[in-house]
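Below is one structure, written out as structure tokens, with a few remarks after it.
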Amino acid sequence: MSSASKNGALLSTEGLTAGYVPEVDILTDVDLRVNEGEIVTVIGPNGAGKSTLIKSIFGLVAPREGRVVLRGEDLTGLPPHSITRRGMSYVPQLDNVFQSLTVEENLEMGALESGRAKDRIRAIYEIFPRLGERHTQAAGTMSGGERQMLAMGRALMPEPSVLLLDEPSAGLAPAFVEAIFEKVNEINNAGVTIVMVEQNARRALGMSDRGYVLDLGSNRFEGPGRELLDDPKVAELYLGGTARLDIS
Amino acid sequence: MYADGARFLAPRLRSKPPPVGTGRGVPEAPNEIDTPVMEAGHLTDAAPTAMRGRLEERLRQSPALAASLILIAIFIALVIGEGLHDVLQTTVNGLSLGAIYALGAVGLTLVYGILKLTNFAHGDFLTFGAYMAYLVNVTWGAPLVVAVFWAMAATALLGLLFERTLWGPMRRRRAGFLQLILMSIGLAFLLRAVIQWFWGTEIRSLDVDNTSSVEFLGLRVGETELIVIVVGIVVIAAVGLMLRYSLLGKRMRALSDDLDLAETSGIDTKRVILYTWIFSGALAGLAGVMAAATTNIRPELGFELLLPIFAAVILGGIGDAFGALAAGMVLGVMTEWSTLLIDARWKVAVGFVVLVVVLIIRPQGIFGKAKAI
């Protein structure tokens, strides 16, 4: 198992078991492996433990067993703000902007060294020009899609090598869903490794290097994104039945 | 003159009741900012109606503007009824009271916003500050300036001490809202009892000159009161600038907005919480000395100020530091204005009236953004 980190995985979980209530495990023995530069998507039915997985990777839920390893370093038990300092950022699904702060202040909150903040903010405005146009606006008055962009921009401020996204397209207007996925691709092309949990499984798997199917807290399938999409068993169980509704 | 205020606020009550309950966790659907000002512009054939519609819209979107207009209306009504001199005189008195409220309220609101802790012991922090100043200024005979800094430092340390021994451990044990409130009430009694044990219940005063006064434009202001007003306004401005522009200030606001998100953004929230206690304690200590200098020192000093300070916190929007500063000043001035109409013994009631009225018509506070509590 520890071979995962030895043969070059950027991020891996080894036998991760976690939960919120004593004696009730939401995740059991989950092994995940993410290579540098990949987009990896975790799909699965509601209640499969997708969000719990991403939260325990980021230290928001303390694992009961197992380890989280980033670049060979054991992160298990570290508080989230220290994990951010080690090169991994996280975008929560809900409540992911500081509503009473302006766009620019939100971004500043993501900066680890205030000296570099100005340059980073300029770089983020290049990725998300809309944020630049609205830099003095209070984040609470922005639309859902703009907030998602701001949350991603904030997470990119410390120049992370891994970005964790919890359902980036949830609750967005259709026009924004596509825009967000395009941005995810763009960020990945700039060299950031992406791990995301998505409800919109087909769209997400379609753009992923690899995918994991989580069910009842364990990984059931694993493979390249397109292969999972074409796997009849995965399709039947997790992609809405055999009636294949390819969106492309 | 309160009727004017009611008329300003009534339209927003009927058409858009303030959101009550929890706004968190629910993703607010893409909220396009409606631009009814434009719509009103179409009604060019009925210009006065359009004007009124436009004004109503502006007031609805900016309750702080509505509140300012109410304040100006009350001011004008008072000037007509009681004369300019008396109104200005009470306004000056209100500024020193307002500065005490504002400096007490800003720490209380930040602690609430960040830790969800309704700190009933905050009033006794003011008392503690006052007695610390007494110790240095009267017992040891040091100058008042030294006493002020000592009081601020000691009260900040007291805040840190309780965070380390009480609030931090309680949070780790996931204490509920009610447990925390009850503990803070207990702590308030404990603090007062300890203060009484050391200094007794007799009324004391700082070594300040409470007899000489200065006169300008026909207004009389006590020298001490003038110093309190100037120091208060300077500190309030400094606190406002610090919260607006400094990294620590922005981080405090970020924590107050969403503690978990602050932690996941990479902010060392534990450290910012400690700084918040230092900040809150030091300002409470200063407010306590200011209250002691303008009145006197007794064990109930802070507790009696606590309820108007709570009123300022709610008027400013719970957790909103800028709101608390502004609301504290407004409440102080309104309290002194009330003495023009009612016996001064009842002026404390103004805080309660404002508290109840604001909670009924706009629970998120006058200065608060359109954010639910």
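Rounded to the nearest Hz, the phi-derived 3J(HN,Hα) couplings of region B:278-292 under the Karplus curve 6.51 cos²θ - 1.76 cosθ + 1.60 (θ = phi - 60°) are 4, 4, 5, x, 4, 5, 5, x, 4, 4, x, 5, 4, 5, 5, where x marks glycine and proline.
Ignore the peptide's own chain and count Cβ atoms of other chains within 10 Å of each Cβ in A:97-108; give me the average, rounded.
On the way: counts 3, 10, 9, 14, 6, 1, 0, 1, 6, 5, 1, 5.
Average per residue, whole number: 5.
Peptides B:218-228, B:316-326 ordered by packing proxy, namely the average of other Cβ atoms within 10 Å per residue, highest first: B:316-326, B:218-228. In terms of its C-alpha gyration tensor, region A:90-243 comes out prolate, because a/c is 1.5 or above and the ratio a/b outweighs b/c.
What is the antiparallel percent of DSSP beta bridges lying wholly in the protein assembly as shown, to the nearest 5? Beta bridges within the protein assembly as shown, antiparallel portion: roughly 60 percent. Rolling a 1.4 angstrom probe over chain A with all protein chains present gives an accessible area of which 49% lies on carbon and sulfur atoms.
Grab the beta carbon distance between B:LEU84 and B:VAL234, set R0 = 25 Å, and tell me the FRET efficiency rounded to 0.05. Before the final figure, lay out the partial values.
Numbers: r = 27 Å, r/R0 = 1.07.
So, using R0 = 25 Å, E works out to roughly 0.40.
State the Cα centre-to-centre distance between region B:302-373 and region A:95-135 in whole Å. Computed from Cα coordinates, the inter-centre distance equals 34 Å.
For B:LYS347, the accessible area of its heavy atoms, probed at 1.4 Å with every protein chain present, is near 60 square angstrom. Peptides A:146-156, A:211-221 ranked from most to least packed, by the mean per-residue count of other Cβ atoms within 10 Å: A:146-156, A:211-221. Over region A:97-159, Cα pairs under 8 Å with separation of 6+ residues give a relative contact order of 54 percent. Only protein heavy atoms count here; on that basis, with a 1.4 Å probe, A:GLU159 has an accessible area of about 100 Å². In this rough spin-label picture, where each label sits 7 Å from Cα along the Cβ direction, the A:ARG130-B:ASN210 distance is 6.1 nm. At the listed q of 0.09, 0.16, 0.19 Å⁻¹, the Debye profile of region B:98-304, built from one uniform point per Cα, gives log10 I(q)/I(0) equal to -0.36, -1.03, -1.33. Kirkwood hydrodynamic radius of region A:97-159, from the reciprocal of the average inverse Cα-Cα distance over all distinct pairs: 11.1 Å. Pairs of C-alpha atoms in the protein assembly as shown farther apart than 47 Å represent 27 percent of all such pairs. Simple rule: put +1 on each Lys or Arg Cβ and -1 on each Asp or Glu Cβ in region B:98-304, find the dipole, and look at B:GLY113, B:GLY218, B:VAL146; the Cα lying farthest toward the positive end is B:GLY113.
How large is the Kirkwood hydrodynamic radius of region A:155-244, counting all unique pairs of alpha carbons, in Å?
Working: mean 1/r = 0.0713 Å⁻¹.
After inverting the mean inverse Cα-Cα distance, the result is 14.0 Å.
Rolled with a 1.4 Å probe across the full set of protein chains, the surface gives B:ILE76 an accessible area near 90 Å². Compared with the dominant principal axis of the Cα atoms in chain A, helix A:174-189 is inclined by about 90°.
Averaging over all projection directions, the Cα-based convex hull of region B:276-373 occupies 6.8 nm² in the image plane.
Just to be sure I understand: if you take the accessible area of chain A alone plus chain B alone and subtract the pair, with a 1.4 Å probe, what total do you get in Å², rounded to 100? Can you show the working numbers first?
Numbers: alone 11420 and 18960 Å², together 27950 Å².
Buried: approximately 2400 Å² between B and A.
Which value, in debye to the nearest 20, describes the size of the charge dipole of chain A about its Cα centre when Lys and Arg Cβ atoms bear +1, Asp and Glu Cβ atoms bear -1, and nothing else is charged?
300
Can you tell me the relative contact order of region B:98-304? Whole percent, Cα pairs under 8 Å, sequence separation 6 or more.
Working: 295 pairs, mean separation 93.8, N = 207.
So the answer I get is 45 percent.
Got the relative contact order for region B:52-161 handy, in percent, Cα pairs under 8 Å and 6 or more residues apart? All intermediate terms of the calculation are to be shown ahead of the outcome.
Working: 48 pairs, mean separation 13.8, N = 110.
Answer for region B:52-161 is 13 percent.
Say a paramagnetic label sat at a point 7 Å from the Cα of B:ARG171, along Cα to Cβ; which residues of region A:83-107 have their backbone N under 17 Å from it? Counting only backbone N, you get no residues.
Residue pairs exceeding 21 angstrom between C-alpha atoms, taken from A:LYS50/B:LYS270; A:LYS183/A:LYS233; B:LYS116/B:LYS347; A:LYS50/A:LYS233: A:LYS50/B:LYS270; A:LYS183/A:LYS233; B:LYS116/B:LYS347.
The values are calculated or read from the model by the stated rules, or taken from the named source; none is laboratory data. Given the structure is predicted, the values throughout are model-derived calculations rather than measurements. Because the Cβ atoms are built from the backbone with ideal geometry, glycine has one as well, and the counts that use them run over all protein chains shown. SASA here: full protein model, heavy atoms, side chains in, ligands and nucleic acids out. Shrake-Rupley method; radii C 1.70, N 1.55, O 1.52, S 1.80 Å.
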